[in-house]
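To start, the structure itself, in structure tokens.
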Amino acid sequence: MKFRLLGLAAIVTASTFAASGAAVAAHDTNPSAKVASYSYGLTAVQAASVPGSAAEGSTRITSLPNGKVRVQVEAWGLAPGLPHAMHLHGVDGPAKDMACPGPAADADGDGYVSVSEGAPFYGGILASLTTSGPTDAGHALDLAHFATADADGHLKYSRTFTNESALANADTVQVVVHGIDVNGSGTYDLAGAGEAPLVPGSGVPFEATMPVLCGGVAN
Ligand SMILES: [Cu+2]
């Protein structure tokens, strides 16, 4: 496993160098540009007893030779008709193998794994997987710019974007999909599970921030 990870890191490093060289030369003259691609299954974060938490999916992260990153996500079983915040989570810097939280991550015992309870496993937000506009962490809950699940709870996302942190850490990130309609009201509301514990006083429903799916190099 360790050797495999080192190999992936080497591929990403080579790809990053190729991209830098192309930028300096103003055009890509490398006839064998490297592409590093990683695909993972997405598995449920919450306990099965949490209503609406039984989702599944897959993701693919590709570092492109032009210095961009493509992220593809497909998921089933999500809260239908609602936007789902999605991020690349990890630790920016030297490659660190993080992980996905499971039901046992519910440290305060309130029955839900919150964003902050998941953070020790999947790290902070390196990129917001928005459908358009900025991809920085500042847009982590910009629900108007996240993909919406269809009436059957199916979501398909693909975007190619420029994000240095995402590119540099493409081999170690976790993809996390958020948003569970706990009370089945058809919207994210405070009646479902109260306010998001991460941002007290904000009025942001906990439902909108709950991690529902996670997948990445560590699992
Ligand atoms: Cu997230």
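The values are calculated or read from the model by the stated rules, or taken from the named source; none is laboratory data. Since the structure is predicted, the reported quantities are computational estimates derived from the model, not experimental observations. When we count neighbours, we look across all protein chains shown, and the Cβ atoms used for this are built from the backbone with ideal geometry, even at glycine.
Selection of the range 171-196 for residues being within 16 Å of the ligand (Cβ to nearest atom) and out of contact with any Asp or Glu (no Cβ under 8 Å at 6 or more places or on another chain) yields Val173, Gln174, Val175, Val176, Val177, His178, Ala196. Mind checking whether some residue in the range 83-99 is closer than 25 Å to Gly192 by Cβ, touching a Lys or Arg at 6+ places or on another chain (Cβ under 9 Å) and touching a residue at least 40 places away in the same chain (Cβ under 8 Å)? Looking through the range 83-99, none of the residues is closer than 25 Å to Gly192 by Cβ, touching a Lys or Arg at 6+ places or on another chain (Cβ under 9 Å) and touching a residue at least 40 places away in the same chain (Cβ under 8 Å). Taken over the range 86-101, the residue count meeting the criterion of being within 16 Å of the ligand (Cβ to nearest atom) and in a loop (DSSP other than H, G, I, E, B) is 6. Within the range 152-170, being among the polar types (S, T, N, Q) and within 16 Å of the ligand (Cβ to nearest atom) holds for Asn163, Ser165, Asn169.
Of all residues in the range 39-85, those that are within 16 Å of the ligand (Cβ to nearest atom) and part of a loop (DSSP other than H, G, I, E, B) total 9. From the list Ser132, Ser128, the lone residue that is in contact with a helix residue (DSSP H, G or I) (Cβ under 9 Å, 6 or more places away or on another chain), under 22 Å from Asp181 (Cα atoms), hydroxyl-bearing (Ser, Thr, Tyr) and modelled with pLDDT of 95 or more is Ser128. Taking the criterion of being near the ligand (Cβ under 10 Å from one of its atoms) and not aromatic (Phe, Trp, Tyr), the residues of the range 109-126 that qualify are Val115, Gly118, Ala119, Gly123, Gly124, Ile125, Leu126. Screening the range 102-219 for strands (runs of 3 or more DSSP E) wholly inside it with 2 or more residues that are of a type in the set (Ser, Thr, Tyr) and either out of contact with any strand residue (DSSP E or B) (no Cβ under 8 Å at 6 or more places or on another chain) or surrounded by fewer than 20 Cβ atoms within 10 Å (Cβ to Cβ) (or both) returns the ranges 155-161.
What about Ala105, is it within 16 Å of Gly216 (Cβ to Cβ) and more than 13 Å from the ligand (Cβ to nearest atom)?
Taking the combined requirement at face value, the residue satisfies it.
Comparison of Ala14, Ala104, Ala23, Ala33 shows that the only residue that is hydrophobic (A, V, I, L, M, F, W, C) and either at pLDDT 85 or above or in contact with a Cys (Cβ under 6 Å, 6 or more places away or on another chain) (or both) is Ala104.
Residues that are surrounded by 19 or more Cβ atoms within 10 Å (Cβ to Cβ), small (Gly, Ala, Ser) and at pLDDT below 95 within the range 43-75 comprise just one, Ser63.
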